[in-house]
1. Of these, 62, 45, which one is without any contact (Cβ under 8 Å) to a residue 24 or more places away in the chain, surrounded by 12 or more Cβ atoms within 10 Å (Cβ to Cβ) and out of contact with any helix residue (DSSP H, G or I) (no Cβ under 8 Å at 6 or more places or on another chain)?
2. Provide a single number: the residues in the stretch 10-27 that are part of a loop (DSSP other than H, G, I, E, B), touching a residue at least 40 places away in the same chain (Cβ under 8 Å) and closer than 13 Å to residue 73 by Cβ.
3. Any residue at all in the stretch 29-39 that's surrounded by 17 or more Cβ atoms within 10 Å (Cβ to Cβ), without any contact (Cβ under 8 Å) to a residue 40 or more places away in the chain, part of a helix (DSSP H, G or I) and in contact with a helix residue (DSSP H, G or I) (Cβ under 8 Å, 6 or more places away or on another chain)?
4. For residue 102, are the conditions met, namely being at pLDDT 95 or above, in contact with a helix residue (DSSP H, G or I) (Cβ under 6 Å, 6 or more places away or on another chain) and surrounded by fewer than 22 Cβ atoms within 10 Å (Cβ to Cβ)?
5. Assess whether residue 158 counts as being free of Cβ contacts under 8 Å to residues at least 24 places away in the same chain, surrounded by fewer than 19 Cβ atoms within 10 Å (Cβ to Cβ), touching a strand residue (DSSP E or B) at 6+ places or on another chain (Cβ under 8 Å) and not assigned by TED's automatic domain parsing to the domain that holds residue 16.
């Protein structure tokens with residue numbers, strides 16, 4: 001079971017800041033936080049044993065770790081998306097969506113480590129989750145966010161309804177829509193802290209301040 005929770009968390013990162021190369025199947029994690037990079041490396045080692053990896057930076061100068069194709073192929077076989085997530089539907093694998101609390105918690109911890117916004121100001125205490133896709137996949141994006149909201153509810157954490165965030169037109173003319181939902185209230189914050197493990201130091205601190 002411990003290996004399964006590690007796999008669920010790695011797949012959660014693929015739905016977040018990690019990616020699997022469309023043709024070569026490299027597993028790449030791009031994140032500026034050293035703690036998260038170390039945790040992902042530990043998960044890879046726990047799942048695949050000692051394995052070679054390359055360290056570099058993205059075009060924007062963000063730290064990225066690249067792991068061999070056998071990591072990406074394995075995760076894709078377990079339901080992780082391959083290639084750009086913005087241009088394809090993304091569905092949480094059924095074994096995670098209908099898994100036990102530990103499996104759900106591991107997946108959710110990864111996506112909130114990568115994509116969650118934790119606001120702890122006195123006039124705005126909330127956890128915000130936002131995701132984007134090309135405008136043609138708006139309904140698929142809503143369906144994906146509803147899956148996350150349902151998993152949170154399964155753990156006793158109530159989220160808002162889904163709201164429109166923004167619509168952007170990229171330089172190539174492609175329209176990208178962003179949708180979001182949020183979590184508020186002390187009971188929900190406490191349940192989040194008790195049920196979902198995050199490792200991002202700043203987000204841990206903000207969550208503590210919110211309670």
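1. Answer to the selection: 45.
2. Within the stretch 10-27, residues that are part of a loop (DSSP other than H, G, I, E, B), touching a residue at least 40 places away in the same chain (Cβ under 8 Å) and closer than 13 Å to residue 73 by Cβ number 5.
3. no
4. Against the criterion (at pLDDT 95 or above, in contact with a helix residue (DSSP H, G or I) (Cβ under 6 Å, 6 or more places away or on another chain) and surrounded by fewer than 22 Cβ atoms within 10 Å (Cβ to Cβ)), residue 102 qualifies.
5. Considered against the rule, which asks whether it is free of Cβ contacts under 8 Å to residues at least 24 places away in the same chain, surrounded by fewer than 19 Cβ atoms within 10 Å (Cβ to Cβ), touching a strand residue (DSSP E or B) at 6+ places or on another chain (Cβ under 8 Å) and not assigned by TED's automatic domain parsing to the domain that holds residue 16, residue 158 comes out as no.
The values are calculated or read from the model by the stated rules, or taken from the named source; none is laboratory data. No experiment lies behind these values; they were computed from the predicted model shown. Note that we place each Cβ from the backbone using ideal geometry, even for glycine, and neighbour counts take in every protein chain shown.
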